[in-house]
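Participant: Below you will find the structure I want to go over with you.
The values are calculated or read from the model by the stated rules, or taken from the named source; none is laboratory data. None of these values were measured; they are calculated from a predicted model. Because the Cβ atoms are built from the backbone with ideal geometry, glycine has one as well, and the counts that use them run over all protein chains shown. For the accessible areas, the whole protein counts, side chains as well, though only heavy atoms, and no ligand, DNA or RNA atoms are used. Shrake-Rupley method; radii C 1.70, N 1.55, O 1.52, S 1.80 Å.
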Amino acid sequence: MNEATSNTATRPGHHGVAAPVTVASGKERRAPLSDATKIHSKDVCVFYGQKQALFNVALDIPERQVTALIGPSGCGKSTYLRCLNRMNDVIEGCRVTGTIALDGENIYDTKLDVVMLRARIGMVFQKPNPFPKSIYDNVAYGPRIHGMSESKADLDDIVHGSLERAGLWNEVKDRLDSPGTGLSGGQQQRLCIARAIAVSPEVILMDEPCSALDPIATAKIEELIDELRENYTIIIVTHSMQQAARVSQKTAFFHLGNLVEWGETEQIFTSPRDERTQGYITGRFG
Amino acid sequence: MTDFTMPSVAGTATTRLRKPDLSPGRISRRYAAERRFRLYGVLAVSLAMVMLALLLVSIVSKGYSAFMQTRINLDIAFDAQEIDPQNTHDPAVLKAANYTALIRKALSAQFPDVTERIDRRRLYDVVSNGADLQLMKMVLANPAIIGTTQSVSLLAGDDFDMLNKGRISRDVPEAERVLSDKQVGWFDKLQSAGRVHYAFNTDFLTSGDSREPEQAGILGALVGSLLTMITTVVLALPLGVMSAIYLEEFAPKNRLTDIIEVNINNLAAVPSIVFGLLGLAVFLGFFGLPRSAPLVGGLVLSLMTLPTVIIATRTAVKAVPPSIREAAYGVGASQLQVVLHHVLPLATPGIMTGAIIGLARALGESAPLLMIGMVAFIVDVPHSIVDPSTVLPVQVYLWADSPERAFVERTSAGIMVLLVFLVLMNAAAIFVRRRFERRW
Ligand SMILES: Nc1ncnc2c1ncn2[C@@H]1O[C@H](COP(=O)(O)OP(=O)(O)OP(=O)(O)O)[C@@H](O)[C@H]1O
Ligand SMILES: [Mg+2]
């Protein structure tokens, strides 16, 4: 029933060519939205040992848009998110079935290199987790291990650009050598975002990136997400309805391991089709 | 969609709300309990410190004098007739000469009134039995001194050294003393003639073991211990860290790895002598490695240290926060990169702590080394890990076992050297640990 949404599951085409299909919500003033599918997932089931955490999730993530995953605690949002960059591989006893395709290419293909996949799909975690290294090394780590820079100047450039885009440059430019763990929570989270975008990923996964932050830091990150949307496909897990409404174009609602409903954010928040979605967004449970 | 139920907004309170007990009695009891706990802690620490202080005081008070040595200045006539009658200057001739006779002549010249055979023999004990070697070295180094008379500072005999240090009391009756009244008198005479010196004992730190306590030095055992420890570190640390990391990060978790884990833990509790027997059977018996060699000692001790290092490393690796691993995986680090770039540096302080514990135990170990022959009496200072040698704790054991009075202070001095070695080793490990300690 939940496939009956507005999204036309187009084959991934060359991005930016597809005509805008949807009308953007009020605050959209930039690039016309392409509805080309970046990530296509179907029949995704996840098991932790015997326990099934996700049931036949089918969700298409559009390119260069922000997709918000919402739902009550324990419904499987993080689990789904972690399927997308195969972070679940690291968890003992975790099994994923179904298909997830990035640009039409199955990411669970045995021939696919996980490391390359994770370079293409970056991740920002719920709790800021900078490496216990300098701010510079935090950002430079990814480019270094992927051999992305020819010279020191090149690397400096990447670090500068990433910090700039993460809106952190002005705050840290004088102390790039001090430890990343010495920053404030909000700065740390932006550092983690800078670290993620330093490897030029195509997709950025964010698992409750603002849950440990105050409203001002949250506003900064939200602003940042809005800017990043221009270049990256973003999937964000959030517990805040307001946040989902503010930053996302698409919203998917999970409940007890099922994807209940997904579609335009505006539609989900103004006229949800499902009773459970209605109940959740109006704050009656969750 | 009928399975979907709304949870009730608020549960009905079934019990009446209770207030926390804020009575002064309860609070003062809590304070008293905390004070008691602190007191117990302070007591425990003080007791440990007192024990340590006692140990140190008893060792140092017994051992400090070994770092000083009594020497006796004699005018030795390097008589050409005695040393090199043919004037060949051939080293073989110079080596074979009877230097003891020179010393005896010098002593007799000093005490012309001592004529009885038995008394003269006792007189000769004033100077160490090994003093002739010193003269020989002098002559070999500079044959020109043959025919001249030189004032030479010679090692005193061990009993006279003890007398000078006050370890042999003049107050006990002659019958209970190793030195007779006559001998004491001769020594006093030498002293009043200004011929007795009391100087820092460099020989103790620069020579190997000897049957004569006044000539026995610690260097052989020190170098032996050093070589053995180096072998142990080089073998046990990489091997232990690699196995631990493999087991913790790469190995599948199954029955086999469980069994391996249990066995490693058991191995840590095996008595050290068993490792010695194993070394005897395998390294000496089967592989035919040289007996008494630091190489074999290091092999045996690294077997013994390995479980400690593995357990400490696994604990340290487990303690690395998962968020750091996730962060590294998230930017596309491979498993090996995650381990080498993040897990290992963060685990290094813990690994170092484990290594300190393991190596400190290995350094103080003597039982397994007895089994592989490191207990042999070895005079030469070893130059490589295959030279026969002994180690500090075994040297201490050997000296403690010797009957001569003068070995008592050497034993304590040996322990002091062992403790200094231990402190230096720990300091090095703590230095490494500090360098890698980071906050997050
Ligand atoms: N490592 C794991 N091992 C076993 N079960 C897990 C594991 N991680 C998650 N689960 C289970 O899978 C289900 C979904 O968890 P998930 O973390 O995806 O929820 P979530 O929607 O992200 O919740 P939250 O909003 O609280 O973060 C939960 O029931 C959880 O208990
Ligand atoms: Mg979650």
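Participant: Scanning for something open to solvent by 30 Å² or more (accessible area, probe 1.4 Å) and within 16 Å of ligand 2 (Cβ to nearest atom), does segment A:124-147 turn up at least one residue? Can you show your working first?
Facilitator: Start the filter on segment A:124-147 by keeping residues that are open to solvent by 30 Å² or more (accessible area, probe 1.4 Å), which leaves A:126-127, A:133, A:137, A:144-147.
From what's left, within 16 Å of ligand 2 (Cβ to nearest atom): A:126-127.
Within segment A:124-147 (the criterion being open to solvent by 30 Å² or more (accessible area, probe 1.4 Å) and within 16 Å of ligand 2 (Cβ to nearest atom)), the answer is yes, since at least one residue qualifies.
Yes or no, residue by residue, for (1) over 17 Å from B:Thr390 (Cα atoms); (2) within 25 Å of the chain's Cα centre (by Cα); (3) of a type in the set (A, V, I, L, M):
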site: B:Pro321; (1), (2), (3): yes, no, no
site: B:Ser334; (1), (2), (3): yes, no, no
site: B:Pro349; (1), (2), (3): yes, yes, no
site: B:Thr353; (1), (2), (3): yes, yes, no
site: B:Ala367; (1), (2), (3): no, yes, yes
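Participant: Still on this structure, please answer the following. If B:Phe283 passes every condition in (1) within 13 Å of chain A (Cβ to nearest Cβ); (2) open to solvent by 10 Å² or more (accessible area, probe 1.4 Å) but one, which one does it miss?
Facilitator: With (1) within 13 Å of chain A (Cβ to nearest Cβ); (2) open to solvent by 10 Å² or more (accessible area, probe 1.4 Å) applied to B:Phe283, the lone miss is (1).
Participant: Could you check segment A:117-137 and list, in sequence order, the residues that are facing chain B (nearest Cβ under 9 Å) and assigned to a helix (DSSP H, G or I)?
Facilitator: A:Leu117, A:Arg118, A:Ala119, A:Arg120
Participant: Among the listed residues A:Ser73, A:Ser78, identify the single one that is in a loop (DSSP other than H, G, I, E, B) and either within 24 Å of A:Ile268 (Cα to Cα) or within 14 Å of ligand 2 (Cβ to nearest atom) (or both). Explain how you work it out, then say what you get.
Facilitator: Working: A:Ser78 fails: in a loop (DSSP other than H, G, I, E, B).
On inspection, the qualifying residue turns out to be A:Ser73.
Participant: Here is a list of conditions, (1) within 21 Å of the chain's Cα centre (by Cα); (2) farther than 17 Å from B:Leu418 by Cβ, and B:Leu219 meets all of them except one; can you say which number that is?
Facilitator: Condition (2) is where B:Leu219 drops out.
Participant: Consider segment B:231-279. How many of its residues are away from chain A (no Cβ under 14 Å) and either of a type in the set (S, T, N, Q) or in contact with a His (Cβ under 6 Å, 6 or more places away or on another chain) (or both)?
Facilitator: Qualifying residue count, segment B:231-279: 7.
Participant: Condition first: surrounded by 18 or more Cβ atoms within 10 Å (Cβ to Cβ), over 27 Å from the mean Cα position of the chain (by Cα) and either facing chain A (nearest Cβ under 9 Å) or not small (Gly, Ala, Ser) (or both). Can you find one or more residues in segment B:292-299 that meet it?
Facilitator: No, every residue in segment B:292-299 fails to be surrounded by 18 or more Cβ atoms within 10 Å (Cβ to Cβ), over 27 Å from the mean Cα position of the chain (by Cα) and either facing chain A (nearest Cβ under 9 Å) or not small (Gly, Ala, Ser) (or both).
Participant: Now, a different point. Take the residues of segment A:43-62 that are open to solvent by 10 Å² or more (accessible area, probe 1.4 Å), touching a strand residue (DSSP E or B) at 6+ places or on another chain (Cβ under 6 Å) and away from ligand 2 (no atom under 16 Å from the Cβ): which is nearest to the other protein chains (Cβ to nearest Cβ)?
Facilitator: Taking segment A:43-62 and keeping what is open to solvent by 10 Å² or more (accessible area, probe 1.4 Å), we get A:43, A:45, A:47-53, A:55-56, A:58, A:60.
From what's left, touching a strand residue (DSSP E or B) at 6+ places or on another chain (Cβ under 6 Å): A:43, A:45, A:47-48, A:53, A:55-56, A:58, A:60.
Add one more test, that the residue is away from ligand 2 (no atom under 16 Å from the Cβ), and what stays is A:43, A:45, A:47, A:55-56, A:58, A:60.
Working: A:Asp43: 21, A:Cys45: 19, A:Phe47: 17, A:Phe55: 13, A:Asn56: 16, A:Ala58: 18, A:Asp60: 23 Å.
Only one residue tops the list, namely A:Phe55.
Participant: Take segment A:72-93 and flag every residue that is more than 13 Å from every other protein chain (Cβ to nearest Cβ) and either more than 19 Å from the chain's Cα centre (by Cα) or buried (at least 20 other Cβ atoms within 10 Å of the Cβ) (or both). Walk me through how you get there before you give the answer.
Facilitator: To start, the set of residues in segment A:72-93 that are more than 13 Å from every other protein chain (Cβ to nearest Cβ) comprises A:74, A:76-77, A:79-80, A:83.
A:Gly76, A:Lys77, A:Thr79, A:Tyr80, A:Cys83 - these are the residues of segment A:72-93 that are more than 13 Å from every other protein chain (Cβ to nearest Cβ) and either more than 19 Å from the chain's Cα centre (by Cα) or buried (at least 20 other Cβ atoms within 10 Å of the Cβ) (or both).
Participant: What is the number of the single condition among (1) in contact with a Lys or Arg (Cβ under 8 Å, 6 or more places away or on another chain); (2) within 12 Å of ligand 1 (Cβ to nearest atom); (3) of a type outside the set (Asp, Glu); (4) more than 18 Å from A:Gly263 (Cβ to Cβ) that A:Thr79 does not meet?
Facilitator: Exception for A:Thr79: condition (1).
Participant: Quick check: is even one residue across segment A:157-178 touching a helix residue (DSSP H, G or I) at 6+ places or on another chain (Cβ under 9 Å), within 14 Å of another protein chain (Cβ to nearest Cβ) and polar (S, T, N, Q)?
Facilitator: Yes: one or more hits.
Participant: If the Cβ limit is 9 Å and pairs must be 6+ apart or interchain, which residue in segment B:314-328 that is within 7 Å of chain A (Cβ to nearest Cβ) pairs with which residue that is open to solvent by less than 30 Å² (accessible area, probe 1.4 Å) and among the basic types (Lys, Arg)?
Facilitator: Here the result reads B:Ala327/A:Arg195, each pair linking segment B:314-328 to a residue that is open to solvent by less than 30 Å² (accessible area, probe 1.4 Å) and among the basic types (Lys, Arg).
Participant: Note down all Cβ pairs under 7 Å where the first residue falls in segment B:245-261 and is closer than 14 Å to B:Ala312 by Cα, the second is open to solvent by 70 Å² or more (accessible area, probe 1.4 Å), and they're at least six residues apart or on different chains.
Facilitator: Cβ pairs passing all conditions: B:Glu248/B:Lys318.
Participant: Here is a further query. Can we say A:Val114 is under 27 Å from A:His239 (Cβ atoms) and either open to solvent by less than 20 Å² (accessible area, probe 1.4 Å) or free of Cβ contacts under 8 Å to residues at least 60 places away in the same chain (or both)? Spell out how you get there, then give the answer.
Facilitator: Values: under 27 Å from A:His239 (Cβ atoms): no; either open to solvent by less than 20 Å² (accessible area, probe 1.4 Å) or free of Cβ contacts under 8 Å to residues at least 60 places away in the same chain (or both): yes.
Considered against the rule, which asks whether it is under 27 Å from A:His239 (Cβ atoms) and either open to solvent by less than 20 Å² (accessible area, probe 1.4 Å) or free of Cβ contacts under 8 Å to residues at least 60 places away in the same chain (or both), A:Val114 comes out as no.
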